[in-house]
Amino acid sequence: MFRWIIRRDLILAWRRRADVLSTLFFFVIVVSLFPLSISPDPRLLKSIAPGVVWVAALLASMLSLGRLFSNDYVDGTLEQILLTPQPLYLIVLGKVLAQWLVAEVPLVLMAPILGVQFGLSQNTLVVLTISLLLGTPVLSLIGSIGAALTLGLRGSGVLVALLVLPLYIPVLIFGALAVDASIAGSNPQAHLSLLGAVLALSLVFAPWATCAALRISVE
Amino acid sequence: MPNRKINWYKYAAPANFYPLAGKLIPWFGIPAALLFVAGLYIGFFVAPTDFQQGDAYRIIFIHVPAAWMGMFLYILMALYAGVGWAFNARLASMMATALSITGAMFTFLSLATGSLWGKPTWGTWWVWDARMTSTLILLFLYIGFISLQAAIDDPRRADRAGAVLALVGLINVPIIYFSVQWWNTLHQGATIRLLNKPTMAPPMLAAMLIMLAACWLYSIAIVLMRLRCIILEREHEAGRTLTLGAKTAQFSRMESI
Amino acid sequence: MNSLGCVRGDRRLFSGLNFSVSAGTLLQVTGPNGCGKTSLLRMICALLEPAEGTIKWQGENIRTLGEEYFTSLTFLGHRNGVKEELSAIENLRVASGLNGIDLRPKAAVKILRDMGLEGREQLPARLLSEGQRRRLALARLAVCNTTLWVLDEVLTSLDKAAVALVKSLIEKHLDNGGLAIVATHQELELNSGSFLRIELAS
């Protein structure tokens with residue numbers, strides 16, 4: 001049954017692939033705005049690159065959050081899913097996993113290309129990718145709480161950002177610091193371990209909070 | 001009243017709590033005002049001038065209690081919201097809503113006074129040090145809670161959604177504080193010693209503690225006032241009537257079929 | 001023997017409502033718009049928590065039963081629960097799959113034919129008419145093996161043939177010892193099972 005929910009969400013995303021692509025292009029465009037607005041100086045670009053890529057990833061992931069539950073809510077399939085005889089925790093985990101595969105993995109794959117534009121070395125690109133791989137699932141997990149809480153509310157797009165962005169801060173800090181450390185030539189392992197710890201914590205707690213929020217919002 | 005049994009559960013019903021809150025407000029409000037005057041007097045006129053910072057340091061008599069209150073009230077708010085959600089206790093949920101605005105106000109006050117203090121002391125309005133940054137994030141968490149509740153029309157959903165958010169925030173606060181600390185030490189940002197504890201003169205300490213007590217009493221009084229407003233609004237919406245003005249509010253329930 | 005006991009009351013909509021339903025019974029809930037029919041049905045589905053009272057399934061509170069209760073429940077609401085991007089077959093198969101029934105494509109085609117959707121199996125649901133989408137939603141009733149059906153306004157936007165189809169589905173369900181709770185304005189005359197009616201005042 002777990003695979004049914006993932007399969008369903010992946011088919012749906014494929015049928016609406018324009019949405020996925022627009023998130024990806026949003027990410028690319030936001031990252032490209034920084035050299036234009038600050039300076040093309042390679043030394044400066046290199047020092048702001050970790051922050052720029054991470055902030056852009058945070059913003060891009062906000063865009064896809066709105067679709068996580070709201071389409072299902074509008075057409076009534078969310079009710080049906082809530083009434084299926086299986087733990088809601090697993091359903092939420094499945095939906096978040098599908099959302100991560102569809103919305104976040106393309107960003108992770110695109111990030112090294114953008115990193116090249118900022119003059120990052122090969123080593124740093126590897127660290128950037130690893131940090132995004134560890135950090136973006138946390139964005140999906142925490143974001144799902146915000147998406148569930150704001151389900152069906154007016155202006156839920158902005159509201160979700162208000163609720164979720166402060167909670168993203170630890171991921172942003174550890175992720176950007178890992179890349180920073182790699183640029184400075186030191187070992188990024190401590191930051192990556194912390195990022196992993198945050199991932200483990202949110203994997204345990206976030207779906208639980210999302211389940212509670214979904215039940216509240218569907219009432 | 002040692003020998004009289006009081007039915008505390010009676011006051012868990014908003015309509016019964018309403019008149020009680022009305023009676024309690026002056027008992028907290030008036031001492032709060034007196035302590036504010038006393039605390040400010042000692043802080044401004046009795047406490048000695050700091051030999052390093054001059055008179056500018058005196059803002060800590062507002063800044064430090066405000067910062068503490070901002071943090072305590074967030075924890076308190078999350079606990080009340082959680083209790084309200086878990087036990088379906090409407091009064092506790094209303095309490096959380098009433099606390100959120102006061103908490104956000106104190107957090108903002110601590111940021112504003114911190115920045116006012118920063119200008120003469122370090123020559124800049126804002127420093128990205130760990131404490132200031134964490135307080136700013138705390139303010140963001142308050143804003144998230146308040147705007148989520150404001151966006152939801154159904155009070156029951158607003159209470160519960162707020163509770164989930166506040167509890168998620170509560171779990172996150174230590175992680176956020178730790179990450180900001182970590183970020184700050186690595187960037188070798190300005191590390192500021194807020195207080196030189198050994199050199200704090202007794203009148204300074206006294207002023208600080210009096211101000212803290214005043215802030216607590218003020219918070220209780222203002223939260224009770226806000227709670228009364230929320231009770232009125234909610235009970236009105238639920239089709240129940242509270243007779244105002246009378247010493248004991250009448251509570252009648254509209255049963256309809 | 002299945003029996004549903006219910007003591008409940010909602011804010012202003014209704015209160016002090018008591019009823020129980022046993023196997024092979026159709027319970028019709030009627031009443032003017034806004035009287036709380038949908039709320040009542042959503043409470044029975046555990047989607048809405050009653051402000052007062054409890055709802056029991058086979059003697060146990062549905063709130064404590066959780067997923068176990070959902071194995072014997074099928075709910076059709078106002079909204080069809082049909083994904084516009086998926087074809088009719090995919091919709092039916094996904095809905096069944098999520099309920100733990102692995103429906104083979106051939107079986108799905110047969111059920112869709114029975115529901116009068118022949119030739120439209122592969123069309124994305126967004127190209128179907130309102131009535132056809134309703135039929136697609138109702139096709140789930142032919143797949144499920146649950147005992148309790150909760151149907152909210154299922155007969156709207158259906159033509160005569162489809163209404164007859166729904167009635168025969170419910171009749172068969174009742175004959176098999178199932179029970180159905182239906183909210184509707186229309187008269188439901190069935191040839192089998194016992195019949196109960198609750199009328200909610202506004």
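The values are calculated or read from the model by the stated rules, or taken from the named source; none is laboratory data. Fair warning: this is a prediction, and the values are worked out from it, not measured in the lab. Cβ placement follows ideal geometry from the backbone for every residue including glycine, while neighbour counts extend to all protein chains displayed. For the accessible areas, the whole protein counts, side chains as well, though only heavy atoms, and no ligand, DNA or RNA atoms are used. Shrake-Rupley method; radii C 1.70, N 1.55, O 1.52, S 1.80 Å.
Observations on the model:
- Heavy-atom accessible area ranking, 1.4 Å probe, most first, across C:Asp175, B:Asp154: C:Asp175, B:Asp154
- The protein assembly as shown - mean residue ellipticity at 222 nm from DSSP helices (-39,500 (n - 2.57) per run, n ≥ 4, rounded to 500): -22000 deg cm²/dmol
- ³J(HN,Hα) computed for each position of segment C:178-183 - Karplus, 6.51 cos²θ - 1.76 cosθ + 1.60, integer Hz, glycine/proline x: x, 9, 10, 10, 10, 9
- Debye intensity ratio I(q)/I(0), log10, segment A:2-218, q values 0.16, 0.18 Å⁻¹ (C-alpha model): -1.04, -1.26
- About the centre of its Cα atoms, segment A:2-218 shows a dipole size close to 300 debye [charges on the beta carbon of Lys, Arg (+1) and Asp, Glu (-1) only; nearest 20 debye].
- Hydrophobic, long helices, defined as DSSP H runs whose alpha-carbon span along the helix axis is 18 Å or greater and whose mean Kyte-Doolittle value is at least -1.0, occur in chain A at A:2-15, A:17-37, A:42-75, A:105-117, A:122-149, A:156-183, A:189-218.
- Calculated FRET value between C:Thr184 and C:Ser15, using beta carbons and R₀ = 25 Å, to 0.05: 0.60
- Highest-fluctuation residue, C:Lys167, C:Lys37, C:Lys110 considered, GNM on chain C with Cα pairs under 10 Å: C:Lys110
- Working note: Cα atoms of segment C:29-116, range along each principal axis, descending, whole Å: 46, 32, 22.
- Rounded to whole Hz, the Karplus (6.51, -1.76, 1.60) HN-Hα couplings of segment B:22-31, x for glycine and proline: x, 6, 6, 3, x, 5, 9, x, 5, x
- Choice from C:Arg134, C:Arg104, C:Arg42 with maximal GNM fluctuation in chain C (Cα, 10 Å cutoff): C:Arg104
- Interface residues in segment A:133-163 - accessible area drops by 20 Å² or more relative to the isolated chain, probe 1.4 Å: A:Ile145, A:Leu149, A:Leu153, A:Arg154, A:Leu159, A:Leu162, A:Leu163
- Summed buried accessible surface, chains C and A, 1.4 Å probe, nearest 100 Å²: 2700
- Scalar couplings 3J(HN,Hα) for segment B:34-45, obtained by applying the Karplus form with A = 6.51, B = -1.76, C = 1.60 to θ = phi - 60°, are 4, 5, 4, 4, 4, x, 5, 4, 4, x, 8, 10 Hz; x denotes Gly and Pro.
- Only Lys, Arg, Asp and Glu carry charge here, each on its Cβ (+1 for the first two, -1 for the last two); on that basis the protein assembly as shown has a dipole of about 540 debye about its Cα centre.
- For C:Phe195, the residues 5 or more places off, or on other chains, whose built amide H falls under 5 Å of its own are C:Leu26.
- Two-site FRET efficiency, A:Arg17 against C:Ser192, from Cβ-Cβ distance with R₀ of 60 Å, rounded to 0.05: 0.75
- With 29 Å as the limit, the listed pairs A:Lys46/B:Lys119; A:Lys95/C:Lys167; C:Lys106/C:Lys167; C:Lys37/C:Lys160 have A:Lys46/B:Lys119; A:Lys95/C:Lys167 beyond it between alpha carbons.
- Net dipole in debye of chain C [+1 Lys, Arg Cβ; -1 Asp, Glu Cβ; about Cα centre; nearest 20]: 260
- Placing R0 at 56 angstrom, the Cβ-Cβ distance between A:Asn123 and B:Ala56 gives a FRET efficiency of 0.70 after rounding to 0.05.
- Kirkwood radius for the protein assembly as shown, taken over all pairs of different Cα atoms as the inverse mean of 1/r, rounds to 28.6 Å.
- Gyration tensor verdict on segment C:77-202 (Cα atoms; rounded if a/c is under 1.5, prolate if a/b is larger than b/c, oblate otherwise): prolate
- Label sites at B:Ala12 and A:Arg7, each approximated as a point 7 angstrom past Cα along Cα to Cβ, lie 4.8 nm apart.
- Each 5 Å bin, from zero up to the one with the longest distance, holds this percent of the alpha carbon pairs of segment A:55-127: 3, 13, 18, 19, 14, 11, 8, 6, 5, 3, 0.
- Once exposed loop GluC sites (Glu not before Pro) are cut out (DSSP; at most 14 other Cβ, 10 Å), longest piece of chain C: C:1-117
- Under 5 Å between amide hydrogens, built in the peptide plane, is the criterion, and for C:Trp57 it picks out C:Ile62 among residues at least 5 positions away or on other chains.
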